[in-house]
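Since the structure comes first, as structure tokens, the remarks are kept for the end.
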Amino acid sequence: MFSDRIGRITPSATLEMTAKAAELRAAGIDVINLSVGEPDFPTPENICLAGKQAIDDGHTRYTPGGGTMDLKKAVIEKLSRDNDLQYDTSQILISCGAKHSLYNACQVLFQTGDEIIIFSPYWVSFPDFVSVTGAKPVFVSTNPSQQYEPVMDDLKAKISSRTKGIIINSPSNPTGGVWSDEAVLKILEFAEKEDAWVFSDECYEQLTYDRTYVSTAFLGENTEKVLTFQSCSKTYAMTGWRIGYTAGNAQVIKAMGKLQGQSTSCPNSIAQAAAIEALTGDQSEVSQMRNVFKNRRDYIVDRLNNMSGVNCNTPGGAFYVFPDFSSYMEDDSKIKSSDDLSMYFLEQKAVVSVAGKAFGSDSNIRFSYAASEDDLKRAMDLVEESLTELK
Ligand SMILES: Cc1ncc(COP(=O)(O)O)c(C=O)c1O
């Protein structure tokens, strides 16, 4: 009954865990949800007010398919202010979240016969975005103790003239790893040699804790084939508003706009008005959020490393930790995989996490620290207790 296309994609594991947590909560269980991929803060008030004003002002109709000119100009201002990147409006496309931006870009550039490099562990959606186009995801390993930077020899072995694209995601979901400029530059060199597109997913660019973030397109000399993807979701706690954007090659932007026009017509008009305020208004809440996340990161990394048999690298960004629990997984024990362990935390202690398998790494579990300090402490106490019970 279904097309081959739909058979090539799998449901999002992270959204599935969120649904499972909601189910348990509805059943009256006191669940601590560390599976979430969104800030636990409300959208800043100035942004909400801009959304309300947009309704009062009657901005409730279709906008141009690729986004309003005013929002494109706001994106240009933001990219220049924060990332030292200069674009014109023909190089900007507004979409319904960066997920939509990335999906569109894969659709217009990739097809059967192409190979796309994805660094593992990877954000759950990348392989599906690629597979649905008919192209083949090619996984390259990374170094956990070095912010999950690529293992360059593995990349060298897997990149070829068939490589049509390389997807970078730093800071990373699920690892939180932030790559050095040197690592990014090496990738750009590899890409240039094979004439491949570089997708730089920069959704977490404002959430780095140990160094200032540098955009991929700023680093390269020849950035004609670098596409930059950013989002209002994580930076401004606006996940539900659904505004993301792409910056780069005008022809690709035009093609993505054509696809978008025939699928969603345009991004939400009210959310676009609010996004202008987010990108160009007061930025102080962004740094406040960053400080809170940094303290939580330090807390959760410390707690995990103090648990026997757990190894947690300190991620430089985003709001995830990705500890290694392989010492608890054995073929002849009741915990054989990350799925088993994540389910064990859920069933025994009502702590929701995401199994690393979904991200291509079965030794790990992803915990999000976009949760209150109290919840983090209770969750870590429970995880520690449940590990002790396993021994
Ligand atoms: C790595 C990464 N890219 C893109 C997105 C998409 O964000 P949005 O569509 O909300 O802008 C997410 C969201 O979880 C993400 O983690």
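The values are calculated or read from the model by the stated rules, or taken from the named source; none is laboratory data. Remember, predicted model here, so these are calculated numbers, not experimental data. Cβ placement follows ideal geometry from the backbone for every residue including glycine, while neighbour counts extend to all protein chains displayed. Please note that ligands, DNA and RNA were not included when accessible areas were found on the heavy atoms of the full protein model with its side chains. Shrake-Rupley method; radii C 1.70, N 1.55, O 1.52, S 1.80 Å.
Checking each residue of the range 364-375 against the condition of being surrounded by fewer than 20 Cβ atoms within 10 Å (Cβ to Cβ), among the charged types (D, E, K, R), in contact with an Asp or Glu (Cβ under 9 Å, 6 or more places away or on another chain) and within 17 Å of Arg296 (Cα to Cα) gives at least one match.
Do you know which residues across the range 15-39 are part of a loop (DSSP other than H, G, I, E, B), more than 16 Å from the ligand (Cβ to nearest atom) and in contact (Cβ under 8 Å) with a residue 60 or more places away in the chain? Of everything in the range 15-39, those that are part of a loop (DSSP other than H, G, I, E, B), more than 16 Å from the ligand (Cβ to nearest atom) and in contact (Cβ under 8 Å) with a residue 60 or more places away in the chain turn out to be Ile29, Asp30, Val31.
Has the range 282-295 got at least one residue that is buried (at least 16 other Cβ atoms within 10 Å of the Cβ) and farther than 20 Å from Glu205 by Cβ? Looking through the range 282-295, none of the residues is buried (at least 16 other Cβ atoms within 10 Å of the Cβ) and farther than 20 Å from Glu205 by Cβ.
All of Val178, Val226, Val198 fail the test of being over 18 Å from Leu102 (Cβ atoms) and crowded, with 19+ Cβ neighbours inside 10 Å, apart from Val178. Restricting attention to the range 306-323, the residues that are within 16 Å of the ligand (Cβ to nearest atom) and assigned to a loop (DSSP other than H, G, I, E, B) add up to 5.
Looking across the range 40-50 at every residue that is open to solvent by less than 30 Å² (accessible area, probe 1.4 Å) and away from the ligand (no atom under 16 Å from the Cβ), the one that is nearest to Cys203 (Cα to Cα) is identified as Pro44.
Each row is one residue, and each column tells you yes or no for (1) among the charged types (D, E, K, R); (2) farther than 22 Å from Asp324 by Cβ; (3) open to solvent by 20 Å² or more (accessible area, probe 1.4 Å); (4) away from the ligand (no atom under 16 Å from the Cβ).
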{"position": "Gly113", "(1), (2), (3), (4)": "no, yes, yes, yes"}
{"position": "Ile118", "(1), (2), (3), (4)": "no, no, no, no"}
{"position": "Asp128", "(1), (2), (3), (4)": "yes, yes, yes, no"}
{"position": "Glu149", "(1), (2), (3), (4)": "yes, no, yes, yes"}
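Contact map, the range 75-104: first residue under 30 Å from Val132 (Cα atoms) and modelled with pLDDT of 95 or more, second residue charged (D, E, K, R) and in a helix (DSSP H, G or I), Cβ cut-off under 8 Å, separation 6 or more or different chains; pairs are Thr89/Lys72; Thr89/Lys73; Ser90/Lys254; Ile92/Lys72; Ile94/Lys72.
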